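For reference, the structure discussed in these notes is given below.
The values are calculated or read from the model by the stated rules, or taken from the named source; none is laboratory data. Not measured: the values here are computed from a predicted model. Here the Cβ positions follow ideal geometry from the backbone for every residue, glycine too, while neighbour counts run over all protein chains shown.
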Amino acid sequence: MKTIKQYGLEIQNLLPDFYDFNEKKSISEFFIKEILNLSNTEYLLKKNDLLSKQELLKLENKKDRLLAGEPVQYVLNKAYFYGYEFFVDKRVLIPRQETEILIDEIIKLYKSEENLEILDIGCGSGNIAISLKKNLKDSQVSVIDISAGALDVCSKNATNHNVNLCFYQYDILSTEDKFFNEISFDLIVSNPPYVRNSEKDLILKNVTEFEPANAIFVSDNEPLIYYQAIAGFAKTHLKPKGALFFEINEAFGPHIVQICHNSGFTQVKIIQDLHNKDRFVFARGLG
């Protein structure tokens, strides 16, 4: 028989080498804690306990997928974002911790506002939309995604969190504005595809081989196509004092600022992430 600690070390040693040491340790611990339903404290206190046959069977049942490089969040159908648990599968991107900065910025600016009309473009799992809905009082939140599968995942998460969202399957690159002719918003937020195809070699295989490519990558010929479309959409669908928030590719901060200026926004700024990289753009003041 093995202890929890021994099993964890075994997992770490067998995980693909594209993970570094800290990633292997984090994945192993997350995998074991979630499957055995252990809190952080329980994991530390019980790490020298022997695994029961039943516990070992539960772990072994999903281990092969993990060792093949599949993200642990997909293996467990579970990811955490802004303190909330979200269902995830291969139809949606795994929420990233850095995106929590975006939520913080929006809440900081709008926490005293009520009845905000919010639109999340490219909602994926719904992590942004649901986090805002739960933290901004009486907000009305709508979500757009081109993927029916993503909208299904987002709907599951909305139900799990007991929040109401308005769902639209829509391609933001479309010229047909079929849903929103008479709708305007106080806030539009989007984390669109922004990694250039030429940057794929810089991305770990657990991302390129498992996460939905159409939610990550864009053509090198048109790397800012989504920002141009969304800024144009925002120009006609934001209220006079409305605001636009983007997550961005760090290589294009000034370019996206210029896109916002070209669309009529007079107040535009770049917000950096925890690594001091340009990661978000905030725009308001439509002329």
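Here are some notes:
- Failed condition for GLU182, given (1) out of contact with any helix residue (DSSP H, G or I) (no Cβ under 9 Å at 6 or more places or on another chain); (2) closer than 15 Å to LEU238 by Cα; (3) at pLDDT 95 or above: (3)
- Selected residue (criterion: surrounded by the fewest Cβ atoms within 10 Å (Cβ to Cβ)) from residues of region 92-129 that are within 21 Å of TYR168 (Cβ to Cβ), in contact with a helix residue (DSSP H, G or I) (Cβ under 6 Å, 6 or more places away or on another chain) and free of Cβ contacts under 8 Å to residues at least 60 places away in the same chain: PRO95
- Restricting the first member to region 9-28 and to residues that are over 19 Å from LYS200 (Cβ atoms) and in the same structural domain as LYS47 (by TED's automatic domain parsing), and the second to residues that are assigned to a helix (DSSP H, G or I) and hydroxyl-bearing (Ser, Thr, Tyr), the beta-carbon pairs closer than 8 Å and six or more apart or on different chains are LEU9/SER28; ILE11/SER28; GLN12/SER28; LEU15/SER28.
- Selection from region 47-67 of residues that are part of a helix (DSSP H, G or I), in contact with a helix residue (DSSP H, G or I) (Cβ under 6 Å, 6 or more places away or on another chain) and farther than 25 Å from LYS156 by Cα: LEU59, LEU67
- The residues in region 68-82 that are over 13 Å from the mean Cα position of the chain (by Cα) and part of a loop (DSSP other than H, G, I, E, B) can be counted, and the count is 5.
- Residue in region 168-180 that is more than 26 Å from GLY83 (Cβ to Cβ), among the basic types (Lys, Arg) and in contact (Cβ under 8 Å) with a residue 40 or more places away in the chain present: no
- Filter result for CYS154 (assigned to a helix (DSSP H, G or I) and modelled with pLDDT of 95 or more): yes
- Residue count for region 95-133, restricted to those that are part of a helix (DSSP H, G or I), closer than 17 Å to ASP186 by Cβ and either of a type outside the set (A, V, I, L, M) or touching a Phe, Trp or Tyr at 6+ places or on another chain (Cβ under 9 Å) (or both): 11
- Candidates in region 142-158 are the residues that are closer than 12 Å to VAL88 by Cα and in contact with a strand residue (DSSP E or B) (Cβ under 7 Å, 6 or more places away or on another chain); of these, the one that is surrounded by the most Cβ atoms within 10 Å (Cβ to Cβ) is CYS154.
- Only residues that are out of contact with any helix residue (DSSP H, G or I) (no Cβ under 7 Å at 6 or more places or on another chain) and not in a helix (DSSP H, G or I) were counted in region 217-260, giving 9.
- Selection count where residues are touching an Asp or Glu at 6+ places or on another chain (Cβ under 9 Å) and more than 17 Å from LYS78 (Cα to Cα), scope region 146-170: 6
- From the list VAL92, VAL141, VAL88, the one residue that fits, being over 16 Å from the mean Cα position of the chain (by Cα) and not in a helix (DSSP H, G or I), is VAL141.
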